[in-house]
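The values are calculated or read from the model by the stated rules, or taken from the named source; none is laboratory data. Note that this is a predicted model, so its numbers are computed, not measured. Backbone-built Cβ (ideal geometry, glycine too); neighbour counts: all protein chains shown. Please note that ligands, DNA and RNA were not included when accessible areas were found on the heavy atoms of the full protein model with its side chains. Shrake-Rupley method; radii C 1.70, N 1.55, O 1.52, S 1.80 Å.
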Amino acid sequence: MSTPADLRTSSDHSRSGPKPPNRRERRRAETRERLVHCALRLFSERGFTATTIEDITNAADVGKGTFFNYFPSKEHVLASFAQLQMGKVQKFVRQAVQSRQPAERVLYELAVAVTVEYDRCPTLLQNSLLAFFSGESTRRLMADSFDKGRVSLAELMGERQHRGEIRDDFAPTELALQYQRALFGTMVMWSLAPTRPLSECLKEMSAVLWSGMRANKTNPGND
């Protein structure tokens, strides 16, 4: 592993890995993040429809024109948030592929990790759905995020099949799709009547899903 000294004396800095973002890039990332966070807070407090772009920029303390440097519309703010959630999936899967935790526990922890913001604020999910289905462009962005997340999930499913934890009579991509369907359906139904923590609902969902995914499960059809 390279040390700071190794990096300083290296004649080819390009081989030391990607360069850290410069000041301008950091500021852009910070501004974008601030816009997203302020928008999500306002969507939760006022509702998606009632929140204007000017409301968002005022809360973020930036000019209205700055908003359009990052997002074509307020719908795209939520689409960006969905992409961040899928980024969580990809990061989690990279770590989980190497983890020795049981697959059942890993799949539950993944569900909790990608829904923690919604668990704290049910109206955020309701407003997110409203925005995602408000136009063709946001629907495509949402679908693309799910597609990318499914690729990562399939990698995890395949690895756990190789370990003998998950049944291998279904393709990893099919298992990943069913996991997404179960997770998304649980989130939506919970948001309609959030009388208890989402994490509890996810635990129940994971237990039922796992009963059908685990390896060596007796199939009555083969008796």
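The table for this structure:
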read-out: Selection status of LYS148, closer than 30 Å to THR51 by Cβ, out of contact with any Gly (no Cβ under 8 Å at 6 or more places or on another chain), touching a residue at least 40 places away in the same chain (Cβ under 8 Å) and surrounded by fewer than 16 Cβ atoms within 10 Å (Cβ to Cβ); value: yes
read-out: Near pairs, Cβ below 7 angstrom, 6+ apart or cross-chain, from region 100-129 (aromatic (Phe, Trp, Tyr)) to any residue that is assigned to a helix (DSSP H, G or I); value: TYR108/LEU202; TYR108/LYS203; TYR108/SER206; TYR118/LEU124; TYR118/LEU125; TYR118/MET187; TYR118/LEU198
read-out: Residues (at pLDDT below 90 and touching a Ser or Thr at 6+ places or on another chain (Cβ under 7 Å)) located in region 89-117; value: VAL89, GLN90, VAL93
read-out: Filter result (under 21 Å from MET213 (Cα atoms) and assigned to a helix (DSSP H, G or I)) within region 113-132; value: ALA113
read-out: Hits in region 105-150 (condition: closer than 13 Å to MET187 by Cα and of a type in the set (Ser, Thr, Tyr)); value: THR115, TYR118, THR123, SER128
read-out: ALA176 being at pLDDT below 90 and of a type in the set (A, V, I, L, M); value: no
read-out: Meets criteria (crowded, with 19+ Cβ neighbours inside 10 Å and of a type outside the set (Lys, Arg)) for LEU107; value: yes
read-out: Test set (1) aromatic (Phe, Trp, Tyr); (2) touching a residue at least 60 places away in the same chain (Cβ under 8 Å); (3) within 17 Å of LEU78 (Cα to Cα) - TRP210 fails condition number; value: (3)
read-out: Selected residue (criterion: most open to solvent (accessible area, probe 1.4 Å)) from residues of region 82-98 that are within 8 Å of the chain's Cα centre (by Cα) and without any contact (Cβ under 8 Å) to a residue 60 or more places away in the chain; value: LEU84
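Okay, residues lined up against (1) open to solvent by less than 70 Å² (accessible area, probe 1.4 Å); (2) part of a helix (DSSP H, G or I); (3) within 27 Å of GLN83 (Cβ to Cβ):
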| residue | (1), (2), (3) |
| --- | --- |
| ALA111 | yes, yes, yes |
| ARG139 | no, yes, yes |
| ALA143 | yes, yes, yes |
| ASP169 | no, no, no |
| PHE184 | yes, yes, yes |
| MET187 | yes, yes, yes |
| SER199 | yes, yes, yes |
| GLU204 | no, yes, no |
